[in-house]
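Participant: The structure under discussion is supplied below as structure tokens; questions concerning it will follow.
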Amino acid sequence: MLQKGDKAPKFRLRGLAQDGEREYALSDFLGQWVVLYFYPKDDTPGCTTEACEFRDAAAVVSSKNAMVLGVSRDSITSHEKFIKKFNLPFVLLADTESKVCESYGVIKEKNMYGKKVKGIARSTFLIDPEGKIAEVWRGVKANGHAEEVVGRIPLEV
């Protein structure tokens, strides 16, 4: 299980931001802080709360030389609707094959209506400018989480 001080697993995924779709790699963000948050599904109540809180904190995140990246197993098309509907100013990555979710250890067995399914356990990793994990949050409650995470990003000197 990944923990504070570990090197963040590398990835390369298709992603979408307000300026369009392209491929993103963790290495694209070396030199800045990265908030990498994993969430179960676009446009569901908890995931919308979390995304909107990160949206509302965008100016503070930017002022700290940081970037927010959201990851789910949803498609680019789903991400596009989610971004437009809630005016999300950050990148959403489509991990449709669950490879990045697996490498970060966020796939867990859940109970859905009496049926066992594998899904994303809401989790966040704060990655420092050198690519190491600075903080880990698992079993996240959406409400208030963004504020806690943003508060942990140091001010650039």
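Participant: Step by step: first the residues of the range 146-157, then only those that are in contact (Cβ under 8 Å) with a residue 40 or more places away in the chain and either out of contact with any strand residue (DSSP E or B) (no Cβ under 7 Å at 6 or more places or on another chain) or part of a strand (DSSP E or B) (or both), then the one that is surrounded by the fewest Cβ atoms within 10 Å (Cβ to Cβ). Which residue is that?
Facilitator: Step one: list which residues in the range 146-157 are in contact (Cβ under 8 Å) with a residue 40 or more places away in the chain, which gives 146-147, 149-150, 153-156.
Checking the rest, the ones that are also either out of contact with any strand residue (DSSP E or B) (no Cβ under 7 Å at 6 or more places or on another chain) or part of a strand (DSSP E or B) (or both) come to 146-147, 150, 154-156.
Values: ALA146: 26, GLU147: 13, VAL150: 21, PRO154: 13, LEU155: 7, GLU156: 11.
Among them, the one singled out is LEU155.
Participant: Please specify each residue of the range 103-128 satisfying the condition of being out of contact with any strand residue (DSSP E or B) (no Cβ under 6 Å at 6 or more places or on another chain) and not aliphatic (A, V, I, L, M). Even if it seems obvious, please write down each step before you answer.
Facilitator: Residues of the range 103-128 that are out of contact with any strand residue (DSSP E or B) (no Cβ under 6 Å at 6 or more places or on another chain), as a first pass: 103-105, 108, 111-115, 122.
Those that are out of contact with any strand residue (DSSP E or B) (no Cβ under 6 Å at 6 or more places or on another chain) and not aliphatic (A, V, I, L, M): SER103, TYR104, GLY105, LYS108, ASN111, TYR113, GLY114, LYS115, ARG122.
Participant: Taking ALA17, is it touching a helix residue (DSSP H, G or I) at 6+ places or on another chain (Cβ under 8 Å) and buried (at least 18 other Cβ atoms within 10 Å of the Cβ)? Even if it seems obvious, please write down each step before you answer.
Facilitator: Numbers: touching a helix residue (DSSP H, G or I) at 6+ places or on another chain (Cβ under 8 Å): yes; buried (at least 18 other Cβ atoms within 10 Å of the Cβ): no.
Judged against the criteria, ALA17 is not a match.
Participant: Just the residues that are of a type in the set (Gly, Ala, Ser), farther than 11 Å from TYR37 by Cα and assigned to a loop (DSSP other than H, G, I, E, B), please, taken from the range 88-141. Show your work before the answer.
Facilitator: Step one: of the range 88-141, the residues of a type in the set (Gly, Ala, Ser) are 94, 98, 103, 105, 114, 119, 121, 123, 131, 134, 139.
Restricting the remaining residues to those that are farther than 11 Å from TYR37 by Cα gives 94, 98, 103, 105, 114, 119, 131, 134, 139.
If the condition is that a residue be of a type in the set (Gly, Ala, Ser), farther than 11 Å from TYR37 by Cα and assigned to a loop (DSSP other than H, G, I, E, B), then SER98, GLY105, GLY114, GLY131, GLY139 are the ones that fit.
Participant: Can you tell me which residue within the range 4-34, out of those that are in a helix (DSSP H, G or I) and of a type outside the set (Ser, Thr, Tyr), is farthest from VAL149 (Cα to Cα)? Before you say what the answer is, go through the steps one by one.
Facilitator: Restricting attention to the range 4-34, the residues satisfying the condition of being in a helix (DSSP H, G or I) are 26-29.
Still in the list and also of a type outside the set (Ser, Thr, Tyr): 26, 28-29.
Working: LEU26: 19, ASP28: 21, PHE29: 18 Å.
Once the filter is applied, the top-ranked residue is ASP28.
Participant: Are there any pairs with C-beta distances below 9 angstrom linking a residue in the range 114-139 that is at positive phi to a residue that is basic (Lys, Arg) and part of a strand (DSSP E or B), with the two at least 6 apart or on different chains, and if so which?
Facilitator: GLY131/LYS7
Participant: Another question about this same structure. Condition test on LYS118, is it surrounded by fewer than 20 Cβ atoms within 10 Å (Cβ to Cβ), modelled with pLDDT under 95 and among the basic types (Lys, Arg)? Break it down stepwise before answering.
Facilitator: Working: surrounded by fewer than 20 Cβ atoms within 10 Å (Cβ to Cβ): yes; modelled with pLDDT under 95: yes; among the basic types (Lys, Arg): yes.
For LYS118, the condition - surrounded by fewer than 20 Cβ atoms within 10 Å (Cβ to Cβ), modelled with pLDDT under 95 and among the basic types (Lys, Arg) - is met.
Participant: In the range 20-50, what count of residues is obtained for those that are of a type outside the set (Val, Ile, Thr), within 23 Å of GLU109 (Cα to Cα) and surrounded by fewer than 19 Cβ atoms within 10 Å (Cβ to Cβ)? Lay out the reasoning, then the answer.
Facilitator: Let us first name the residues in the range 20-50 that are of a type outside the set (Val, Ile, Thr), namely 20-33, 36-43, 45-47, 50.
Next cut, within 23 Å of GLU109 (Cα to Cα) only: 36-43, 45-47, 50.
Keeping just the survivors that are surrounded by fewer than 19 Cβ atoms within 10 Å (Cβ to Cβ) gives 40-41, 43, 45-46.
Result for the range 20-50: 5.
The values are calculated or read from the model by the stated rules, or taken from the named source; none is laboratory data. Every value quoted in this text rests on a predicted model; they were computed, and no experiment measured them. A quick note on method: Cβ atoms are made from the backbone with ideal geometry, for glycine too, and the neighbour counts reach across all protein chains shown.
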